[in-house]
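Okay, so here's the structure we're looking at.
The values are calculated or read from the model by the stated rules, or taken from the named source; none is laboratory data. As the structure is a prediction and not an experimental result, all values here were calculated from the model. No Cβ is skipped: glycine too gets one built from the backbone with ideal geometry, and neighbour counts run over all protein chains shown. Ligands, DNA and RNA are stripped out before the accessible areas are found, and what is left, the full protein with its side chains, is counted by its heavy atoms. Shrake-Rupley method; radii C 1.70, N 1.55, O 1.52, S 1.80 Å.
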Amino acid sequence: MFSSNDKISSRQIKRLLVFDLFGAGSLLLPSQLAKSGNGIGIWSILAGMAFACIYLWLLHTCSSRTSLDYMEYLKTGWGNFLSRLLYLCYAILSVFTCAWAAKLLAELVCDSLLDEREFAAALLVILLLAFYGAVSGMEARARVYELLFWALVAPLLVMLLLCVRQVQVIQWFPLFGDAEPISWSWFWSGTWQCFASFLPLTFLLFLIPHVQDKRKAGRAAACAVVCNGLGLVVIYLILLGIFGSGALEKEQYPIITLMGMVKIPGDFIKRLDAVMVGGWFFTLYALIGTTLYYGMVIARRALTKWNGAQHSKADRRGKQIWFLVITVFIYAIAYGFHLLPDVQMAAVKIFYLAGVPFVVLIPVISLFLCKKEKELYDAE
């Protein structure tokens, strides 16, 4: 059924991306977008999805210019030193994103199932599981999420269908918010947040050596973006129609609260919200695993002469050591975020103001600086 060649199919790419994109966005974006007032959040999601499609085209254009990895492509325009420096910046972004997602998942588990005093233990278990998954490799992770996809998506679809009857459509209006004139600052702020939720797409640049068919991979990624964007629109409309913008913006995790309100015929599950946390556990765990994996790969490529090969025992042992070191750093950062919320808020602001422009502008500039593979052959 599966090959073992360190390559993943377009279907696996699509399902991995759906998990990477959906978890944090569906948990946090609805309450943030509700602050803009009623329907403006819908347009922010759609605009964020449109910008994500443009960004995906940019990434696909860059990846199609070389069959080698992204660093070798960057070296043709930026040079060896700057390419390694850029890779180090990518690694830092990946590590901090992993720490933020791990902290979010640990707090979600503690709020829903455990006690806040058990945060350290929950965080440790989550990162140990992520460490095990990352060490197993890209192909193993892709196989797991290919198998889990419908087992997680189908129950969510059923729950959302059961919620539809509680929706009050009048709460969607006015579609352009309560403010007169329309507050464009709220719209663009929401759009920026929505676009940022699609930035795990950036890791497609580092997926080049593992892709079986680049063209099919591009279509699979586009499908994941559209599915995730439309899913966020549906979830936001349901939440807005049930809670209203005033109550929605006060909820920490409104989709989890909504799951607890669903009544299943027969009432045979008492804590449905706790059961459905399992779905978000796997989506956030996917993002943690992805950022941990690429955080190690990118940092190792930036700081050593390693070329990505894992053929010898020394390569595999080195990979495990690097994963362990990165995981320890991530635990320390995530625990620091938990103890010092102001530090996390500052890190989030830096991500929005510097991280997002960085991951967008580097591929744009590289299109003009770096050479296509064919041009390199012609020069030789």
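Could you tell me which residue of the stretch 57-71 is modelled with the lowest pLDDT, considering only residues that are among the aliphatic types (A, V, I, L, M) and either over 16 Å from L361 (Cβ atoms) or open to solvent by 60 Å² or more (accessible area, probe 1.4 Å) (or both)?
Of everything passing the filter in the stretch 57-71, L68 is modelled with the lowest pLDDT.
Each row is one residue, and each column tells you yes or no for (1) within 25 Å of Y70 (Cβ to Cβ); (2) outside any helix (DSSP H, G or I); (3) open to solvent by less than 30 Å² (accessible area, probe 1.4 Å).
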| site | (1), (2), (3) |
| --- | --- |
| A299 | yes, no, yes |
| I321 | yes, no, no |
| F329 | yes, no, no |
| Y335 | no, no, no |
| V348 | no, no, no |
| F351 | yes, no, no |
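If we scan the stretch 151-158, do we find a residue that is at pLDDT 80 or above, open to solvent by less than 50 Å² (accessible area, probe 1.4 Å) and touching a Phe, Trp or Tyr at 6+ places or on another chain (Cβ under 8 Å)?
Yes, the stretch 151-158 contains at least one residue that is at pLDDT 80 or above, open to solvent by less than 50 Å² (accessible area, probe 1.4 Å) and touching a Phe, Trp or Tyr at 6+ places or on another chain (Cβ under 8 Å).
Report whether or not I45 is in a helix (DSSP H, G or I) and open to solvent by 10 Å² or more (accessible area, probe 1.4 Å).
Spelling it out, it is not the case that I45 is in a helix (DSSP H, G or I) and open to solvent by 10 Å² or more (accessible area, probe 1.4 Å).
Looking at the stretch 133-149 only, could you name the residues that are modelled with pLDDT of 85 or more and more than 19 Å from the chain's Cα centre (by Cα)?
Hit for the stretch 133-149 is V135, nothing else.
Report every pair of residues separated by at least 6 positions or lying on different chains whose Cβ atoms are under 9 Å apart, first residue within the stretch 244-262 and among the acidic types (D, E), second surrounded by fewer than 17 Cβ atoms within 10 Å (Cβ to Cβ) and not in a helix (DSSP H, G or I).
Between residues of the stretch 244-262 that are among the acidic types (D, E) and residues that are surrounded by fewer than 17 Cβ atoms within 10 Å (Cβ to Cβ) and not in a helix (DSSP H, G or I), the close pairs are E249/K35.
Show the residue pairs that are 6+ apart or on different chains and have beta-carbon atoms under 7 Å apart, the first residue being within the stretch 202-231 and open to solvent by 50 Å² or more (accessible area, probe 1.4 Å), the second being assigned to a loop (DSSP other than H, G, I, E, B) and modelled with pLDDT of 90 or more.
Hits for this filter: zero, empty list.
Does any residue in the stretch 151-167 that is more than 12 Å from L239 (Cα to Cα) come within less than 7 Å, Cβ to Cβ, of a residue that is open to solvent by 40 Å² or more (accessible area, probe 1.4 Å) and part of a helix (DSSP H, G or I) six or more places away or on a different chain, and which pairs are these?
L152/F282
Which members of the stretch 105-130 meet the condition of being of a type outside the set (D, E, K, R) and open to solvent by 50 Å² or more (accessible area, probe 1.4 Å)? So that I can check it myself, show each step before the final result.
Keep residues of the stretch 105-130 that are of a type outside the set (D, E, K, R), which gives 105-106, 108-110, 112-114, 119-130.
Residues satisfying the conditions are L113, L114, A121, L124, V125, L128, L129.
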